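J.: Sending over a structure as structure tokens; questions will come in a sec.
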Amino acid sequence: MVSASDNVVAFVNLDHDDKHYVGEKAAGIGGMINAKFSVLPGFVVTQNAYFDFLRQNHLDTKISHLLGSINFDHDDSINQVSKHIKNLINKTSIPQQLVDAVIAHYEKMGSDPVRLHASVISGDPRQKIRGSVWVEDVVGEAALLASIRDLWSGLFDRDLLIYRNAKNINHLKSGVTVAVQHHLTPHLKGKIFTEHNKPGKMLVEVEDASGVKVSYEVDVAKEEVKKHSVVNHAKVIVRDNIDYTNYDILDGGEILALATYGGEIEKHFYHSQEIDWILSDGKYFISEVKEITYAAN
């Protein structure tokens, strides 16, 4: 469990109940690691670290003054203040104690490439920084620290300023956490959609390095695997003369094993899930899990 005063916490020390401090992404990863699922390690820089960064550098006062100068009826005013605040955050040094804590956790991971994800902590799940996507393949201490600052600054992107103003959400009481996870270059990747409204039936997607994606409908109880679709993302040159309608990347047994694993993850979360997986050096890892409220098709 994490406390409100923690600044940097390893995923292994997190659980689902910590989502109010570290965000659902990091809390979910921590819960899966502790449930012994194959998930890449990492750590999270908490919202407390972000607020400490603001306070110790007196940025909260400076940002408050800038926010007070916005005329939300004029785009130029919003854009100017957004740019100014983001530049202010990106040019300000992170307190040394926090730098040391981040680097210590990074070194424990072998200082290998990492990927980063920011989560807004505000009680409003619609606040997302830059589409809630991962920043991939960050290498080195300097790049890691710069990426953390950049994601913090994303809290003041133009669209989020407009959204919070419309919803009367206090800009300086919205926190941000940054999850830092070990990054691997996958040989294969894909998704598993566990469709809770169709007990036992799932959709498994597999994408190879050339961009061909094959999806399979799987009935786990009957151990049946049926090809659902094949998509060539135009990354593959037709000169190979491959008939993609009969193209398979993994065999039926491997697809069934992935679906079965997806079922175990669904049971862990008690809801249907969209699960991102990768295959690297012959080993499968879960890279992301999120609840779905629709049926995959």
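J.: Return the subset of Lys25/Lys213; Lys19/Lys226; Lys83/Lys290 for which the Cα-Cα distance in this structure is over 28 Å, preserving the input order.
T.: Among Lys25/Lys213; Lys19/Lys226; Lys83/Lys290, the Cα-Cα distance tops 28 Å for Lys19/Lys226; Lys83/Lys290.
J.: Something else: At 222 nm, what helix-only mean residue ellipticity would the chain give, in deg cm²/dmol to the nearest 500, using -39500 (n - 2.57) for each DSSP H run of four or more?
T.: The helix contribution divided over the chain gives -11500 deg cm²/dmol.
J.: Just the number, please: carbon plus sulfur as a percent of the accessible area of the stretch 139-192, 1.4 Å probe, no ligands or DNA/RNA counted.
T.: It is 53 percent, rounded to a whole number.
J.: Taking Cα atoms, how many degrees apart are the long axis of helix 141-153 and the longest axis of the chain, rounded to 10 and kept between 0 and 90?
T.: Taking Cα atoms only, the helix is inclined about 70 degrees.
J.: Highest mean first, what order results for 180-189, 95-104 on Cβ atoms within 10 Å?
T.: Top to bottom by mean Cβ count within 10 Å: 180-189, 95-104.
J.: The stretch 153-191 to the stretch 36-112: how many Å between their Cα centroids?
T.: 11
J.: Over the chain, average the accessible area per residue using a 1.4 Å probe and give it in Å², no decimals.
T.: 51
J.: Give, as a single signed number, the net charge of other residues whose beta carbon lies under 12 Å from the beta carbon of Ala101, with Lys and Arg counted +1 and Asp and Glu -1.
T.: Net local charge, Ala101 excluded: -3.
J.: How compact is the stretch 33-84 by the rule of thumb for globular proteins, expressed as Cα Rg over 2.2 N^0.38 Å?
T.: Scaled against compact globular proteins, the figure is 1.84.
J.: Could you bin all the Cα-Cα distances of the stretch 109-198 into 10 Å bins starting at 0 and give me the percent of pairs in each, rounded to whole numbers?
T.: 14, 38, 27, 18, 2
J.: Here is a further query. Please compute the contact order of the stretch 1-65 in relative form: average sequence separation of alpha-carbon pairs under 8 Å and at least six residues apart, divided by the residue count, as a percent.
T.: 33
J.: Compute log10 of I(q)/I(0) for the stretch 58-153 with the Debye formula, placing one identical point scatterer on every Cα and leaving out solvent, at q = 0.21 Å⁻¹, to two decimals.
T.: Relative scattering, expressed as log10 I(q)/I(0), comes to -1.20.
The values are calculated or read from the model by the stated rules, or taken from the named source; none is laboratory data. Not measured: the values here are computed from a predicted model. Backbone-built Cβ (ideal geometry, glycine too); neighbour counts: all protein chains shown. We work out accessible area using only protein heavy atoms, side chains counted, and drop any ligands, DNA or RNA first. Shrake-Rupley method; radii C 1.70, N 1.55, O 1.52, S 1.80 Å.
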